[in-house]
Each structure stands twice: as structure tokens, then as C-alpha cells.
Amino acid sequence: MCGIVGYTGTRTAAPVVLEGLKRLEYRGYDSAGLAVVNGGLEVFRAPGKIAILERELGSDLPEGTTAIAHTRWATHGAPTTANAHPHADCGGTLALVHNGIIENAGVLRQALTKRGHVFRSQTDTEVLSHLIEENHTKGMPLVDATAEALRGSPLLVAIGNGENFVASDASAVLAHTRSVVYLDDGDIAEVKPTDYRIMDLDAGEKETPVTHVEWDLATIERGGYAHFMLKEIMEQPESVRNTLRGRLLEEEGTVRFGGLNISADELLKVQRIVITACGTSWHSALIGEYMMEELARIPTEVEYASEFRYRNPIVDERTLVIGISQSGETADTLAALREAKRRGARTLGLVNVVGSSIAREVDGGIYLHAGPEIGVASTKAFTSQIVALALLTLKMGRLRALSILQGREVVRALAKLPELVARVLTKAAEVEQIAERLVRAQNVLYLGRGYNFPVALEGALKLKEISYIHAEGYPAAEMKHGPIALIDDLMPVVFIAPKDGVHQKVLSNIEEVKARGGRVIAIVTEGDTALDKLADHRIEIPETLDLLTPVLSVVPLQLLAYYIAVRRGCNVDQPRNLAKSVTVE
Ligand code: AGP
């Protein structure tokens, strides 16, 4: 999932696009490049981070007031200079940057090579430069030549004053404008310094609304924190508060949503829910499944989006398919929702990025309002996803058998969450000390039950993706059926053991680990002394309703992964091989 930014206007374009590109680096950091129109076309590329490209460019940046730039997440071809974008055509008069994959690149490449085109890279993207070149040299205007060559991936046009931009997302242009036009799949845009037009590949020219981006530059800065991930962990009291804002109706013991766009009658007709997502969002979906079945009594399943879309799923008009995605751009989740729609299901999106593809694709949606999440490892979006799922569960439950008293109890507990999260964050120093002891661990096991089984999965994912330590999350009772063989005094075991309905069961699982010499780190409820003798390290979290404990219990696990990764010298915000939103299959 690469990052793209382009500029055409009156200013020297190179510094403008390089600045924008740096704000997109979380989308991929395998190589970077830019092309500038300066009389002719000048192309500059380098492997690795944008800083390497900048070093090679030096202070004497190329002139020219039109430029495109690209930061890459490698799919086809190793992260080398030859495979870095932009890719030029044979004549060197056309430069192209691309985000996505071209599934039929192989056959196109063979055909183009037979017709005399010379390829300089192993990328799928380069076929596009030669295809457009072929149409263009036949006399087709560039826009038509491009349209002819195309026949998915996010892109927006940003409107400036006497200048215009293109970008993969708004963070690249916020320093210049907050007026953007989101392109739909199959759209093509022609952008000039003082004008732009949007065309649908089949239907031709079209009017597309200009959206005003709420976020400003400050929200996408690190704000004095060492890393975006730490900033986003520490922002959770506020992000949870924003997810709740204006939605709680204590008197009625229910909630209201602005953009749900599905009526109460339609929600009542829902006989089955399928929640689909990827990665961390899939973990929040598991918690949503437990909530929906416990409080709303609606049969609910969770599906990996990448599996759901290809396995001929059983969904129909009585099925509500919920897609959860922080970025709103994850290709598998978007495709799973499209497949569900094609089969007649109603679709709902739980999304953080306003105006994203999933937000525009679904029938109705709930925005998380967690604010921009720049760190590749998702943190505040996860806690906001759980809160949004609790809100939706309350809505569905109150439309069914959940009593007004039960509803009020959940509303009151939700309203307290921001201050409770803030209380957990005061334990950061304690967590940092525990992290100190785990820095050299080779493997870590995370165990939890009920609502906190998915938190065990999430804790393990956080550690894996930013510290590169192998970790596994498991339902605590499942440990006896295999993973217990891994337990010895070298294997740290993190237990999520709040005082909930399965607390006693978790205590016996901890006993089983201690009996084999395992080192236990336990997340416990404040004042719970049951683990004083059993756990080697305890981190306390405040009490709340069982279904909401994950919002509190995951925070120490986010911090634990963060401090371990920092001590191991890992690039916490841009972990190797990862990118913030996965826009290819
Ligand atoms: C989580 O830390 C990862 N960045 C990744 O697993 C992520 O959750 C997944 O790619 C889904 O992203 P989305 O929520 O933007 O769809």
C-alpha cells in the first residue's frame, strides 16, 4: 500500500511533494522516488526510506512546478532502485506512480515485450507506463490513453489556490488545503494548476463533491511524543470520549447514531450478523460477536475478510454484514463487503477514516472519530472499535429484549470509560519496568478467556508486529491442549485476568502454568489479591462491566509491546515489512 502525492501549480514542486510524501511514509517505506517536469522529464529514485532519496537529491532540488512522488510497499519486485516508482516509458517522456497490484501484468508484459517495449524493472506497475505510451504514441490525448490502459485503490484530488494536488490520503496535503475530492473506483482525474476534471472510465465526465477534511496538521504531528504509537496510546481517553460523544442516551438506556442509515425496523429484521475484518480490526470483531450474542441475542459470526470473500458465504437480505476497518481502505474487507452486498445483505461500516472507500461503499456506518492513526500498529482505533461495537450492541439489544435498566447500566459504564482508561495509563512506568525484563524474550504466550481472549490475540499481535518477538494469543483453557508444552522458565506468559465471570477459571490456568515454572505477567482488577503469590508481575486495571474490560485490559499490553520494541531499537512507527493500510489482496 504505497503512498502517492502530486503537485501542479506555481511553486517549485519537488519540496512540496517530498514534504507530502513524508506524511504518507506509514503507507510503505521500501523505496521512494519522484518525477519532475522541468522542460523535459527528470526522474529520481532510491531504495529504502524517503530520507535516503532526500540525501541523494541533496539541497539542490530540481526545478519545475509539476511533480509526482511515490513511497513504496513492495509487492512485485524487490525494494531496489530499478523497482522504485516512478516508472517511465521507453521514450522517457511519461512517468507513472501506482498504488495497487496489476493481476494480469505477466501477460501484458509478454505482449508488450513482443511489440518491442523494453522493461527496466520487475514490477507489475511498469506495464502501465508502456501501455499508456502505446496509446499515446497512437495520438490519443494522455487522459484517453490512460483511461484506455486502465479498466481499485484510494486517491484524492486536493484543491488549492492556483495549485492542485493528488494524494493517497489527506495527510499529505493538510499543510496546504483541506478541500478534497475523493475518487471512486473507475474514476480518472485530469489535474492542472488552476483546474481539474473527474471522469468515470465508462460514463465520462462527472460532478464530484468537494469534502472539507476535519483533521488539521496538528493532529497528524507527533506532538512531542517520541513515537506516533505512544501518542496514540496516550490519546485513548480522548479518542474513546470522541467515539461516545453525542451518542449516549442514559434516560432511554440506549444510543443514537447520526449516520447509521438503517432504520429500527430494518435492524429488527436482522436475523444474523456477520462481522468481517482483518488484523487488529478482526480482534475487535471477535469482541463484538461476544457482545451481540450476550446482550442483543443475535446469532453472530466473525470472518476473516480474505477468507469470507472467496468461500461462497451464506448471507442474504436478513443478514447484516458489518465491516470493521480503521483505514477504510483494506482491500479484503472492502471486497468482502461488496460480495455481501452482491448477495443481498445489508452492510454497515465501522470506520475511522472519513470519506474512505469502505465508508462510501456500505449502506450505513458508524465513524469511530478516534482521530488520525499514523502509527502502523493500531492502538486507539482498537479501543474505539470496541466502544463502537458496544454502542451498536446496545442499540440492537434495546430494540429486542434488553431492558431499559440493563441499557442504562451499560450507558453509565460506557460514560465512565475515558477516565478509567486515563487511570490505566498512569501505570505506564510500571509496565515499562516489566518490559525491561522481557526485552530478550524469544517467545511470549498471551492467554485470556471470554471477552479477553481476543485481547490476548491483540496483545500478541502488537508484540509481534513492532518488536519482531514471536508471540501467540490463545484462549486460556486451550493451553492445556498443546501450548502448555512450550511452558518453561524461559517462556513469559501474559494472562489477562480481570475479575469477570470467568476469573476463577483463569486462576486455575495460571496455577497450571506456574506448576511448570512459567513466568506470569497478569493484568488484574484493582484490589484483586488472588494473584499476589501466583503472578511474577501484576498490572492493575479499574473494574468495569465484563464486556467493556477489553478497553482497559488491552492498554497495558499496547504499552508493554511499545516499551519492549523501543528497548530493542525497533522502528516502532514503521515496523519492517508492514504498512498502515493494506490496499492490495
Ligand atoms: C494492526 O496493528 C495492523 N496495522 C493491521 O493488522 C491492521 O489492523 C489491519 O491491516 C486492518 O487494517 P484496517 O483496520 O485499516 O482495515
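Some values worked out for this structure:
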quantity	calculated
Yes/no for ALA415 being within 14 Å of the ligand (Cβ to nearest atom), within 28 Å of ALA561 (Cα to Cα) and hydrophobic (A, V, I, L, M, F, W, C)	no
Failed item in (1) among the basic types (Lys, Arg); (2) more than 16 Å from the ligand (Cβ to nearest atom); (3) assigned to a loop (DSSP other than H, G, I, E, B), with ARG538 passing the rest	(3)
Selection within segment 551-578 - within 15 Å of the ligand (Cβ to nearest atom) and within 30 Å of MET291 (Cα to Cα)	VAL554, VAL555, LEU557, GLN558, LEU559, LEU560, ALA561, TYR562
Residue check for LYS505: surrounded by 18 or more Cβ atoms within 10 Å (Cβ to Cβ) and in a helix (DSSP H, G or I)	no
Residues satisfying the stated conditions in segment 329-361, i.e. crowded, with 24+ Cβ neighbours inside 10 Å and closer than 21 Å to ARG247 by Cα	THR347, LEU348, GLY349, LEU350, VAL351, ASN352, VAL353
Members of segment 477-492 that are acidic (Asp, Glu) and either crowded, with 19+ Cβ neighbours inside 10 Å or closer than 28 Å to LEU548 by Cα (or both)	GLU478
Filtered residues of segment 511-530 (kept if buried (at least 19 other Cβ atoms within 10 Å of the Cβ) and over 26 Å from GLU289 (Cα atoms))	VAL513, GLY518, ARG519, VAL520, ILE521
Segment 48-106: number of residues that are acidic (Asp, Glu) and modelled with pLDDT of 90 or more	4
Qualifying residue in segment 452-466 (condition: assigned to a strand (DSSP E or B), away from the ligand (no atom under 16 Å from the Cβ) and either at pLDDT 95 or above or in contact with a Pro (Cβ under 9 Å, 6 or more places away or on another chain) (or both))	no
Residue satisfying condition, being of a type outside the set (A, V, I, L, M, F, W, C) and surrounded by fewer than 18 Cβ atoms within 10 Å (Cβ to Cβ), within set TYR468, TYR474, TYR451	TYR468
Given (1) at negative phi; (2) assigned to a loop (DSSP other than H, G, I, E, B); (3) touching a Lys or Arg at 6+ places or on another chain (Cβ under 7 Å), index of the condition GLY259 fails	(3)
Long-range neighbours under 7 Å by Cβ, at least six apart or interchain, first residue near the ligand (Cβ under 9 Å from one of its atoms) within segment 264-285, second of a type in the set (Gly, Ala, Ser) and at pLDDT 95 or above	ALA277/ALA285; ALA277/ALA305; ALA277/GLY323; ALA277/SER325; CYS278/ALA305; CYS278/SER306; THR280/SER378; SER281/SER325
Qualifying positions in segment 325-347 - within 9 Å of the ligand (Cβ to nearest atom) and in a loop (DSSP other than H, G, I, E, B)	GLN326, SER327, GLY328, GLU329, THR330
Residue check for ARG400: modelled with pLDDT of 95 or more, more than 13 Å from TYR563 (Cα to Cα) and either acidic (Asp, Glu) or part of a loop (DSSP other than H, G, I, E, B) (or both)	yes
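Yes or no, residue by residue, for (1) within 15 Å of the ligand (Cβ to nearest atom); (2) more than 19 Å from THR549 (Cβ to Cβ); (3) in a strand (DSSP E or B):
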| residue | (1), (2), (3) |
| --- | --- |
| GLY349 | yes, yes, yes |
| GLY355 | yes, yes, no |
| ALA359 | yes, yes, no |
| ALA370 | yes, yes, no |
| GLU373 | yes, yes, no |
| VAL376 | yes, yes, no |
| PHE382 | yes, no, no |
| LEU389 | yes, no, no |
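The values are calculated or read from the model by the stated rules, or taken from the named source; none is laboratory data. Remember, predicted model here, so these are calculated numbers, not experimental data. Counting neighbours? That spans all protein chains shown, and the Cβs are built from the backbone with ideal geometry, glycine included.
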